[in-house]
Amino acid sequence: MASPEIAAGDGSYDFHLRSLSAASRDSAAAADPASDPNLLQSVRRVCEMCKEAEEASDEMVARAFPVMSKLFQRCAAAPAQSVASSGVLLLNILQFFLDFGEAVLHDADGSLKTFFRSCLTREFADPIVAERALEFLIANKTKILSSFPTLIPQFFPLLLKLIASNGERLERKFSQVLPLMMSAGSFLPLFLSLMDLPLLVIALEKVERSSGTLIGSSIATIQKSAAPEMLLALMDEAYTGSAIEDPSGNPGSDDSGPLDLADPMFLDLLKDENDGIAAKHWTSPTISSTLQAAVNSPQSDRLKQSLKMTPHFLTLYFATALRDVNDSLLCALIPVVMSRYAAMFPDKVYSFEVRKRLSDFILAAFQRSPDIIALLKKPITDRLGEAHDNPAKTELALHLCWAIGEHGAGGKNRKDVARELFENLELLLYENLATSRLGLSQDTGFDLMGASTRKSSQARLLCFVVTAIAKLATFHNELLPRARVSLAKVARSRTSDRRVWQRACDCLGLMNEPAICLSVLGPSTAQGNGPGIVNWSEGGTKMVAHIPFYLLAEQNGPAIHDFSLADLLPTE
């Protein structure tokens with residue numbers, strides 16, 4: 001016996017099902033099936049009734065599924081010139097498939113991919129469709145992760161286009177979806193795509209100026225005519241070594257000119273699916289002209305918003321990586337992070353915020369797994385050798401020096417690695433010991449800096465190098481004689497900066513007191529117990545017995561502070 005809801009009159013299950021069935025069969029509506037505003041309401045009501053029904057639920061789902069499936073295929077196949085947006089309607093049908101797919105043995109994987117490829121590629125810039133798509137992924141993330149784990153990582157480039165087009169309005173919802181994009185195959189490409197989010201905005205704006213609105217036309221379709229020729233050209237270059245001809249003479253040099261759709265940089269930026277290949281478009285000659293044009297022209301609202309959002313997305317990405325990712329993927333990511341430390345969108349505030357997050361991640365990864373330092377010996381030494389190239393690379397070298405000393409080059413059993421890294425630190429120290437600058441005169445960034453700023457930057461780096469040498473030798477005792485020789489050279493040098501000289505003298509003084517030295521300069525991890533070794537986590541319950549007064553720069557006379565030790569002790 002049919003349930004009362006099925007047998008009821010207008011507004012009942014039968015009424016809405018007949019409406020959907022008529023729309024799926026109507027040839028007049030085939031060109032634009034989503035143009036009927038009542039269809040969306042009917043789909044929602046059918047889903048609600050199937051959930052609310054108890055006895056006749058399976059019967060209702062079985063009757064509704066063929067109609068929903070046919071309507072979905074017709075909407076997905078609608079031509080790009082359709083006036084009405086089908087995105088919201090398709091999302092509601094997809095919700096029906098996810099909720100009741102098991103009852104009718106339907107695998108929704110094909111339907112989900114069809115939605116991304118046929119609908120979202122055309123409507124990612126539509127604010128309503130974009131928001132509903134993110135809400136759909138958030139609401140069904142548990143089911144998608146368990147049943148379709150590769151779906152979101154596969155289409156993360158399309159979702160990045162979604163946030164690039166819609167900006168800060170969807171930042172909070174996009175942040176909930178971002179961790180779902182991370183998988184073994186998308187881990188590295190996702191980082192590079194996040195770094196290039198401002199470039200993606202520029203590319204989308206160039207497409208918009210060249211081809212009109214981004215809504216209703218697939219960028220892949222716009223690129224279709226140029227892509228085969230570009231693929232043949234790339235194959236020819238790979239096998240014969242011949243250069244790819246530039247049909248426009250100087251593509252991208254004029255930001256207001258038409259977009260060269262065959263340029264590999266834009267083909268990579270505007271892709272819809274993850275191909276698993278790490279982007280290399282920063283080596284493209286188009287990058288410099290594109291960035292120069294962006295710097296010399298006023299920033300659009302979308303670009304400004306992307307510059308604000310990207311640091312937040314990187315923070316979330318790195319936090320997820322440190323929590324969920326194994327050491328193998330971290331070892332693959334860190335060299336890529338170091339390679340992008342000096343290669344990013346040239347906005348001062350943006351560069352500062354992004355570099356801070358990159359350096360924080362590198363240091364946190366080394367803190368979590370010190371062995372990674374030994375595994376990444378080659379890229380680390382390469383970056384130390386580039387310390388003189390530009391200010392960003394100098395800053396990166398500074399952080400790497402700190403990590404090498406702090407973690408003892410990876411541990412007690414990494415003596416060969418420690419020796420090689422020690423030699424690189426020595427080389428960096430000797431190269432810059434007798435100079436007042438780091439040899440950065442060829443870099444325009446340092447040309448604009450005053451002599452005092454350059455000297456301060458050099459002194460800051462060398463202070464870290466001196467400390468790293470002392471800490472590395474403290475951890476690996478066989479390096480102590482070489483460390484004393486190196487630091488003694490600094491202490492005897494008349495041309496070294498006062499700060500560097502003082503740091504070398506302090507470290508030499510500590511090294512003459514082995515027990516205190518191990519406590520002060522020893523690594524924060526893997527320390528044994530012994531005389532002079534302090535467990536700093538228990539510092540609140542210990543009393544300071546001895547203070548190496550030479551650390552106070554041999555201060556004489558009254559105290560240089562206005563507080564007493566009683567002020568530091570708890571009153572209770």
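The values are calculated or read from the model by the stated rules, or taken from the named source; none is laboratory data. Please read all numbers here as calculations on a predicted model, not as lab measurements. Backbone-built Cβ (ideal geometry, glycine too); neighbour counts: all protein chains shown. Surface areas here come from the heavy atoms of the whole protein model, side chains and all, with no ligands, DNA or RNA. Shrake-Rupley method; radii C 1.70, N 1.55, O 1.52, S 1.80 Å.
Could you tell me whether any residue of the range 426-442 is at pLDDT below 70, open to solvent by 80 Å² or more (accessible area, probe 1.4 Å) and within 31 Å of the chain's Cα centre (by Cα)?
yes
Within the range 371-385, does at least one residue satisfy the condition of being at pLDDT 90 or above and under 17 Å from Thr474 (Cα atoms)?
No - not one qualifying residue is present in the range 371-385.
Among the residues of the range 443-476, what is the count of those that are surrounded by fewer than 18 Cβ atoms within 10 Å (Cβ to Cβ) and at pLDDT 85 or above?
Counting residues in the range 443-476 that are surrounded by fewer than 18 Cβ atoms within 10 Å (Cβ to Cβ) and at pLDDT 85 or above gives 1.
Here is a check on your reading of the model: is Leu180 more than 22 Å from Asp347 (Cβ to Cβ), out of contact with any Lys or Arg (no Cβ under 9 Å at 6 or more places or on another chain) and either open to solvent by 10 Å² or more (accessible area, probe 1.4 Å) or among the basic types (Lys, Arg) (or both)?
Spelling it out, it is not the case that Leu180 is more than 22 Å from Asp347 (Cβ to Cβ), out of contact with any Lys or Arg (no Cβ under 9 Å at 6 or more places or on another chain) and either open to solvent by 10 Å² or more (accessible area, probe 1.4 Å) or among the basic types (Lys, Arg) (or both).
Anything in the range 342-358 that is more than 12 Å from the chain's Cα centre (by Cα) and over 19 Å from Lys304 (Cβ atoms)? List them, or say none.
Ala342, Ala343, Lys356
Being at pLDDT below 95, touching a helix residue (DSSP H, G or I) at 6+ places or on another chain (Cβ under 8 Å) and of a type in the set (S, T, N, Q): is that true of Gln299 here?
Here the answer is yes, as Gln299 does meet what is asked.
Return the residue satisfying two criteria in turn: it lies in the range 347-406 and is more than 14 Å from Leu428 (Cα to Cα) and of a type in the set (Lys, Arg), and of such residues it is surrounded by the fewest Cβ atoms within 10 Å (Cβ to Cβ).
Restricting to residues being more than 14 Å from Leu428 (Cα to Cα) and of a type in the set (Lys, Arg), the top hit is Lys348.
If you go through the range 321-341 one residue at a time, do you hit one that is closer than 14 Å to Leu192 by Cα, under 14 Å from the mean Cα position of the chain (by Cα) and without any contact (Cβ under 8 Å) to a residue 24 or more places away in the chain?
Within the range 321-341, one or more residues are closer than 14 Å to Leu192 by Cα, under 14 Å from the mean Cα position of the chain (by Cα) and without any contact (Cβ under 8 Å) to a residue 24 or more places away in the chain.
On the given criteria, is Arg419 closer than 26 Å to Gln458 by Cα and among the basic types (Lys, Arg)?
Answer is yes for this residue.
Just to check your reading of the model, which residue among Ser165, Ser186, Ser146 is without any contact (Cβ under 8 Å) to a residue 40 or more places away in the chain and either of a type in the set (Gly, Ala, Ser) or open to solvent by 20 Å² or more (accessible area, probe 1.4 Å) (or both)?
Only one candidate passes the filter, namely Ser146.
Within the range 195-214, track down each residue that is of a type in the set (A, V, I, L, M, F, W, C), within 22 Å of Ala133 (Cα to Cα) and either out of contact with any Leu (no Cβ under 6 Å at 6 or more places or on another chain) or surrounded by fewer than 20 Cβ atoms within 10 Å (Cβ to Cβ) (or both).
Scanning the range 195-214 gives Leu197, Leu204, Leu214.
Filter the range 125-141 for residues that are open to solvent by 70 Å² or more (accessible area, probe 1.4 Å) and closer than 16 Å to Phe155 by Cβ and give the result.
Of everything in the range 125-141, those that are open to solvent by 70 Å² or more (accessible area, probe 1.4 Å) and closer than 16 Å to Phe155 by Cβ turn out to be Arg132, Lys141.
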